[in-house]
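Where a number appears in this text, it was derived from the coordinates with a stated rule and is not lab data. As the structure is a prediction and not an experimental result, all values here were calculated from the model. Reconstructed Cβ throughout: ideal geometry from the backbone, glycine too, with neighbour counts over all protein chains shown.
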C-alpha cells in the first residue's frame with residue numbers, strides 16, 4: 001500500500017511513471033534501496049532512470065533541463081532554511097535567506113583568478129600566439145612544389161623511372177621527387193587544455209549569470225515592495241515583515257548593489273570568453289579533442305608565462321564545480337535530505353499562513369478545533 005503525498009490518497013499500485021518523493025510505502029521494512037534509509041518509506045530516486053518494485057518496472061520522472069538552474073537555487077534555499085534550528089518563540093521566514101544571497105553575490109576564488117587572467121591578457125596572448133608543433137610528411141610531388149627533399153629522395157628517384165622527365169648523358173632530369181612538407185600542428189596537449197577550458201568556463205559563467213539574475217530579480221522585487229503604493233497596505237506590511245526577518249531594508253539595498261556589480265563583471269567575462277571562442281587558436285583545435293578531469297602538468301603548463309595560468313584556472317574551476325560523480329547511494333541520501341527539507345519548508349509556510357488566525361500564538365482554538373502547529377510538517 002502506498003500513500004500519495006500530493007493527493008493524500010492510498011493506492012495499491014504505483015503508476016508507470018513516478019515522481020521521486022511523492023509516494024510513501026506503508027510497509028517500509030522491505031529494505032528496498034530506493035526507500036529512505038531512515039525507514040520512513042519515502043520513495044526517492046538514486047539517479048537511475050528506472051526501478052523495479054514488486055516485480056513491476058517503473059520510470060522516474062525528471063524535471064526539464066531548462067529548469068535545472070531554478071531547481072539548483074531552490075535546493076540551496078531549502079538547505080539554508082532547514083539548517084536554521086526551530087524556535088518556538090519565532091518562526092523562520094520562508095522567503096529568500098540572506099545567506100544564499102550573500103554567498104552568491106560576491107566573486108569567488110575562481111572568478112577573481114579568471115578576471116585577473118583576462119585583464120592581464122594571458123588568454124588573449126595564447127589565442128594569437130599559441131605554442132605549436134611541426135608535423136612533417138613525405139610525399140611524391142611535382143618538382144615545382146618541392147621545397148625540401150625527403151630522406152632517401154635520390155634512392156627513390158633512381159628506382160622509379162616514371163618520375164623522370166628525361167634522361168641525359170650526365171644524369172636524370174626529374175619530373176616528380178619525394179619531398180618533405182611541414183605543417184603547423186596546433187593540436188598539442190596544452191592547446192587542447194586551452195580550448196576545453198574555454199568550454200568549461202563558458203558553461204560555468206552561463207550558469208552563474210543565470211543564478212545572479214534570479215537573485216537580483218528577487219531582491220529588486222523586495223525593494224519595490226517597500227515603496228509600493230498600488231498594493232493593499234496589509235499585503236505590503238506582511239510581505240515586508242517576512243522579508244525583514246531575512247533582510248533589513250538597508251541590507252537589501254546593499255545586496256542589490258553587490259549583485260549588480262558582480263553581475264557586471266561576470267557578464268563582461270562571459271562576453272570575452274565567447275569572443276576568444278570565435279577567433280584565434282580555439283578554431284584551430286579539434287572539437288573532438290577532449291581532456292580528462294585530471295590535468296597533466298607539462299613543462300609548458302608549468303613554466304610558460306601565459307600557459308601556466310591555464311592550470312591555475314583549471315584547478316580552481318574544478319574545486320568549484322567538482323569533478324567527481326556522486327554514487328547512487330550518495331544521490332539517494334541527498335534526495336532524502338531535500339525531501340525532508342521541503343516538508344519542513346511547506347509546513348513553515350502553512351504555519352505562517354495560520355498564525356494570524358490564532359492570535360499570533362503557536363497553539364489555540366480555531367474553527368472549533370484545537371490547533372497546534374509547533375511541529376507541523378507536510379507528510
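Values as computed for the structure displayed
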read-out: Contour minus Cα-Cα distance for residue 79 and residue 170 (0.36 nm per residue); value: 23.7 nm
read-out: Contour excess over end-to-end distance, with Cα ends at residue 9 and residue 297 and 0.36 nm allotted per residue; value: 97.8 nm
read-out: Ratio Rg/Rh, restricted to segment 284-323 and using Cα atoms, in which Rh is the Kirkwood radius; value: 1.00
read-out: Nearest-0.05 FRET efficiency for residue 253 and residue 279, computed from C-beta distance (R0 45 Å); value: 0.65
read-out: Linear extension gain, residue 138 paired with residue 289, 0.36 nm per residue minus alpha-carbon span; value: 51.8 nm
read-out: Part-to-part distance (alpha-carbon centres) for segment 124-177 and segment 251-292, which is given in Å; value: 46
read-out: Over segment 264-339 - Rg/Rh using Cα atoms and the Kirkwood inverse-distance radius; value: 1.09
read-out: Sequence of 2, 164 once ranked by neighbouring C-beta atoms within 10 Å, starting from the fewest; value: 164, 2
